[in-house]
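Reviewing the structure listed below.
The values are calculated or read from the model by the stated rules, or taken from the named source; none is laboratory data. Just so we're clear, the structure is a prediction, and the values are computed from it rather than from any experiment. Glycine gets a Cβ as well: all are built from the backbone with ideal geometry, and neighbour counts include every protein chain shown. Areas reflect the complete protein model, heavy atoms only, side chains present, ligands, DNA and RNA absent. Shrake-Rupley method; radii C 1.70, N 1.55, O 1.52, S 1.80 Å.
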Amino acid sequence: MEFNPQFQRIGEILVHEGIVDQSQLDRCLDEQKTSKQKLGEVLIKNGFISEDDLVRVYSMQLGYSQVDEDELFQAEPEAVKLVPEDFARQNMVMVIKKTDSSIKVAMEDPEDLAGIDALKRLTNLTPEVFVAGNNALKRAMDELYGKIKQSGEVQEVFEGITVITGDEDNQEEVDLSPDKVSSEDAPIVRLVNMILQEAIKERATDVHIEPQQKQVMIRIRIDGVLQIIMTPPISSLSGLVTRVKILSKLNIAERRLPQDGRFSIKTASRDIDVRVSILPTVFGEKIVMRLLDKSGFEFTLGTLGFDDDMYSIFRRVIKQPYGMVVVSGPTGSGKSTSLYASLKDIKNVGSNITTVEDPVEYQLGGINQIQVHEAIGLTFGASLRSILRQDPDILLIGEIRDEETADISVKFSLTGHLVFSTVHANDAASTVTRLLDIGIKPFLVGSCLNLVMAQRLVRRICPHCKEEFEPTDEQLERIGLDRDRVKENKLYRGRGCTKCRKTGYHGRTGIFEIILMTRKIRALVFDNANEDTIRQQALEDGMVTLRESGLRKVVAGITTIEEVTRSTVEEF
């Protein structure tokens, strides 16, 4: 008698096709009785069959054709959009193609008559049903519905948008619409719009337009790491540079010298300041646009990533009536964010808080913020001298970059004011010696400093694709993590999904290194000790290093070994 799969059970078809043997089937049938899972799920879990094997056998049993996984991912967006995402996930069904009268549908269970009937009513079209695996459907839905959402967000981002060109003294609105320019310029205008849209949608902090020999590489910095978004031909460079120069009110005829400019993007919900830097390279002019979202500051001290012990120390110090708090780190390490969060925590109606910044990155209510304007003589020094007559209680100085600024800052802190500032240095100990290098006398540094903090930002593991993993001995050794320390804690990493652009990371958190200026450390500074001596004393006082702060985040399942290795140096 001929074997007809449509009259057989799944297990029998699998044995007949030679995919599993009878003993493997019997073992899974026994397991199924206790687990109450479907037989196919048990077989896949035990590694006896793949999902593709199950779908093929299922389609043989039911008499439906199987759909390729590649075809799922190549589904037409217009067809996918016919069915709401919630309905698609609930019924494990996805529309992959559409004609005037019918739709091609991939389903996990093609015998789900109620689902097929609901699909007919939703689309008013006749479904042609194909079989697809559960995991393949989920992955395709993640990617395709994710893209549909993103394209919808892009449209929303630039609805009612206004671009303000030039600086504060010479502002002018520009229409971003390609319809308002010549047909020759329209493609370039559209390209610049797309770059800005993608950057805003992806929470980017920088846009890099970099000329190469045969193409232009366009990258955006997301969570501190650059990612390529497009590579148009090198022939588009001239138009791109000219368009950005027009928006920034720069000289379009000058191509040999660096230029700096700015423009603003205003939407209904956001106000973004774009700082533009143009630099000549061997292949043409390179553009870097820094995006500063001034619409609102959402961080608090509690959300920056402090461990409990560091949080209590830092919060206690910033509530002192006078002295100096200095935060150090490279560009983009979150220094300004930490200081803004500090001001937000301590501001009250009884204090006069003033800031001097270049640029003002966030606008904070209840705080007087001054934007430095070098071109007209409004420098850090000039601003600070005038602020003395404004009777401030708390002062934030954007960056101590020269002896004049440092001298005024120290004098402020020694005359009953609380001063916050930043310095470019590698760690907490070198921050102290950096202040000495700038030209402040050791006895003044020792007297005015209350706390020094170095910080970095590390990427958080994406919550949507977070998975456990077992680190190798080599990985643990490379970062100096003892296996005993991770025995009771699982380590995690991101698998990569559409939510995180396949990176495995989404968002960032801080790691910190704090030196509290104890009597012993003040004495070392008075004696002009080197940074190694200061660092050793700080460690004896209980300082947690940047590397150790990062390891705590790894063990807590917040970030990965690779991120901490990328952001901190090995301790010898």
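Whole-Hz ³J(HN,Hα) for each residue in region 473-480, computed from phi via Karplus 6.51 cos²θ - 1.76 cosθ + 1.60 with θ = phi - 60°, x for glycine and proline: what do you get?
4, 5, 4, 5, 5, 4, 9, x
In Å², what does the accessible area per residue of the chain work out to with a 1.4 Å probe?
Per residue, the chain has an accessible area of 50 Å².
For the chain, which cysteines have no second Cys with its Cβ under 4.7 Å from theirs?
C28, C448
Return the distance in nm (one decimal) between the two label points of a simple spin-label model at K81 and T415, each offset 7 Å from Cα along Cα→Cβ.
Going by the 7 Å Cα→Cβ label model, 6.4 nm.
Between their Cα atoms, which of K266/K499; K319/K344; K487/K553 are more than 22 Å away from each other?
Beyond 22 Å between Cα atoms: K266/K499.
All other residues with a Cβ under 14 Å from the Cβ of I346 taken together, and with Lys, Arg as +1 and Asp, Glu as -1, what is their net charge?
Local charge sum for I346: +3.
For K490 and D437, calculate 0.36 nm times their separation in residues minus their Cα-Cα distance, and state this gained length in nm to one decimal.
14.6 nm
Counting just the Cα atoms, what span does the chain cover along each of its three principal axes? Round to the nearest Å and put the largest first.
101, 67, 50
In whole percent, what relative contact order does the chain give with Cα contacts below 8 Å and a gap of six or more residues?
Rounded, it is 8 percent for the chain.
I want the antiparallel fraction of DSSP beta bridges within the chain, as a percent rounded to 5.
65
With runs of 4+ DSSP H residues as the only contributors, calculate the mean residue ellipticity of the chain at 222 nm using -39,500 (n - 2.57) per run, divided by the residue total and rounded to the nearest 500.
It lands at -11500 deg cm²/dmol.
Using a 1.4 angstrom probe with every protein chain in place, what is the largest-first accessible-area order of V15, V410?
Output order, biggest surface exposure first: V15, V410.
Could you give me the ³J(HN,Hα) list for region 66-73, computed from phi with Karplus coefficients 6.51, -1.76, 1.60 and θ = phi - 60°, whole Hz, x at Gly and Pro?
Per residue, the Karplus-derived 3J(HN,Hα) values read 8, 9, 5, 5, 4, 5, 4, 6 Hz.
Could you give me the ³J(HN,Hα) list for region 352-365, computed from phi with Karplus coefficients 6.51, -1.76, 1.60 and θ = phi - 60°, whole Hz, x at Gly and Pro?
Ordered by residue, 3J(HN,Hα) equals 9, 9, 10, 10, 10, 9, 8, x, 6, 7, 9, 9, 10, x Hz.
For the pair E202/D473, report the inter-label distance in nm, with labels modelled 7 Å from Cα in the Cβ direction.
Label-label distance for E202 and D473, simple model: 4.0 nm.
Multiplying the sequence separation of Q536 and I234 by 0.36 nm and subtracting their Cα-Cα distance, what value in nm do you get?
Roughly 103.4 nm would be gained on extension.
What residues qualify as long-range amide H neighbours of R262, i.e. H under 5 Å apart, gap of 5 or more or another chain, H built at 1.01 Å from N?
It is G166, V276, by chain and number.
Which whole-number percent is the relative contact order of region 258-343 (Cα, under 8 Å, 6+ apart)?
19
Cut-off under 24 Å on the C-alpha distance; same-chain residues fewer than 8 positions from K97 excluded. Which lysines are left, in chain and number order?
K81, K120, K138, K147, K149
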